[in-house]
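All remarks here apply to the structure that follows.
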Amino acid sequence: MKVSVVYALPEEQVWLPVEVEEHSTLMTAIHTCGILTIFPSIELDRQKVGIFGKVSSLEASLSDGDRVEIYRPIVWQPDDEEDDD
């Protein structure tokens with residue numbers, strides 16, 4: 001079945017179509033598409049993954065046409081400036 005794996009950085013986004021067997025998992029699709037070679041900084045033990053915007057486990061089963069998403073951690077740094085109020 002056909003699925004895709006997507007990953008987005010601020011300066012680059014990738015959408016990789018991949019063919020996997022029925023009842024494959026998110027982990028299978030991620031490894032099969034080669035995205036971990038393209039982006040070796042991806043840490044699947046720390047980053048969340050999902051299907052069509054819904055967080056899922058790496059062991060979740062896929063359906064034909066699913067979009068596997070690897071989410072970047074949200075990094076927020078408070079401003080160093082203090083409010084002048």
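Brief remarks follow.
- Only one of the numbered conditions (1) modelled with pLDDT under 95; (2) at negative phi; (3) more than 10 Å from the chain's Cα centre (by Cα) is violated by T37, and that is (1).
- For G50, the test of being on the phi > 0 side of the Ramachandran plot and at pLDDT 95 or above is failed.
The values are calculated or read from the model by the stated rules, or taken from the named source; none is laboratory data. Given the structure is predicted, the values throughout are model-derived calculations rather than measurements.
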